[in-house]
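Enquirer: Take this structure first; my questions come after.
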Amino acid sequence: MGKKVAVLTSGGDAPGMNPCIRACVRFGLYKGLEMYGVRRGYQGLIDDEIFPMNSRSVSDIVQRGGTFLKSARCPEFRDLEGIGKAVANLKKYGITDLIAIGGDGTFRGAKDMADNFDISVIGIPGTIDNDLAYTDFTLGFDTAVNTVLWAINSLRDTMGSHDRCSLLEVMGRHCGDIALYAGICGGAEYILVPEVEYDLDEIASSLMQARERGKTSNMIVFAEGAGDKEQICSYLKEKTGIKITTTTLGHIQRGGSPTMQDRILANKFAERAVELILLGATNRVIGIKNNRIIDENVSEALEMSGKFDKKLYKLAQIMSL
Ligand code: F6P
């Protein structure tokens, strides 16, 4: 009998989680592991929502956004008492290894569990925010950016017809990657992100100059962590006389059928996670760097910072002239 391995998704859901669960289960079974699912992330571990999975358990989910295992944010998992309850439940089933798919909060929980109890944990980065510095991309980011692009394309149609200036607020928490990638691909004139300081007076005068040069509509992509959008819009209106129409895309960015890139990542991340389990590894998180699948110690991964692509940001500015 192979090892018993549980899979869960935790934190904000991300497109790509479903194909990743499927790939963990099917590759694990192929390698002789016994696979279990956990509903509702760490909360489900504490509440014993653990069940065995076979190949059919993950049928017809490869194309779906969200996570069929469901997800939750679990404050009880922040202390050792809560984690202890979760471990006791895993032990009841003889489970020795856990694959946790989620963002930095998920990884911190995984690390606390592996550091304090006899459970091995492997993390797979699943978050639309792309805010984990050790990996170039997280699961769900590509789909989210494509959803934002769809919104930008639609906005551009109507902006052009009415000579409007539009501000589109996108998610990302403290990370500007969704705004940056969607902004450059969608031809935004301004991309406001938490990682780069911006000067509203400069934006105001460049808006005016653009209008003088014959640019009759403008797009600002605004990352949610980059300030107060209402204040920005009213300041720019006061300085330029141009009314700015705002759109908040919200949770639409979290859903949708995963793109090819997210499905490929899902399969490759899952394959590496299972391989690590077979090698007896723990406290590792999977990622992709320069197009190669990597794994990293979780503590070191969480300490890394500063991956925002300033060169790409500069390029986006040039392209918007
Ligand atoms: O981490 C993913 C994310 O969608 C962030 O971009 C956003 O700030 C946050 O989660 C929203 O959280 P909730 O769904 O709990 O409102």
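The values are calculated or read from the model by the stated rules, or taken from the named source; none is laboratory data. Here the structure is a predicted model, which means the values were calculated and not measured. Glycine also receives a Cβ, built like all others from the backbone with ideal geometry; neighbour counts cover every protein chain displayed. Note: areas computed on protein heavy atoms with side chains; ligands, DNA, RNA excluded. Shrake-Rupley method; radii C 1.70, N 1.55, O 1.52, S 1.80 Å.
Enquirer: Looking at the chain as a GNM with Cα springs under 10 Å, which of 282, 135, 96 has the largest mean-square fluctuation?
Expert: 96
Enquirer: Same structure, new question: Project the alpha carbons of the chain onto their principal axes and report the range along each, largest first, in whole Å.
Expert: 73, 36, 34
Enquirer: Report the full-extension gain for the segment residue 237 to residue 213: residue separation times 0.36 nm, less the Cα-Cα distance, to one decimal in nm.
Expert: So the chain would gain 6.7 nm between residue 237 and residue 213.
Enquirer: Taking only the alpha-carbon positions of segment 199-258 and ignoring solvent, what does the Debye formula give for the base-10 log of I(q)/I(0) at q = 0.16, 0.21, 0.30 Å⁻¹?
Expert: Each listed q maps to, in turn, -0.59, -0.87, -1.42.
Enquirer: Further, regarding this structure: Provide the FRET efficiency to the nearest 0.05 for the residue 260-residue 201 pair, computing r from the beta carbons and using R0 = 45 Å.
Expert: My answer for the efficiency is 0.60.
Enquirer: Using every Cα-Cα pair within segment 143-254, state what percent have a distance larger than 19 Å.
Expert: When all Cα pairs of segment 143-254 are counted, 39 percent exceed 19 Å.
Enquirer: Let me ask something else. Name the long-range amide H neighbours of residue 195: under 5 Å, sequence gap of 5 or more, or other chain; modelled H, no Pro or chain starts.
Expert: Distant-sequence amide H within range of residue 195: 176.
Enquirer: Over the chain, average the accessible area per residue using a 1.4 Å probe and give it in Å², no decimals.
Expert: It amounts to 44 Å² per residue over the chain.
Enquirer: Taking a quarter of the surface of the convex hull around the Cα atoms of segment 221-321, what do you get in nm²?
Expert: With every direction weighted equally, the projected area is 9.9 nm².
Enquirer: Another one. Express the carbon and sulfur contribution to the solvent-accessible surface of segment 143-254 as a percent, rounded to the nearest whole number, probe 1.4 angstrom.
Expert: Percent of accessible area from carbon and sulfur atoms in segment 143-254: 47.
Enquirer: Here's another thing I want to ask about it. Between the DSSP loop rule and a limit of at most 14 other Cβ atoms within 10 Å, which trypsin sites (Lys or Arg not before Pro) in segment 238-321 are left?
Expert: 243
Enquirer: Another question, then. Quick one: if you take sqrt(5λ) for each eigenvalue of the C-alpha gyration tensor of segment 8-137, what semi-axes come out, biggest first, whole angstrom?
Expert: In descending order the semi-axes read 21, 19, 13 Å.
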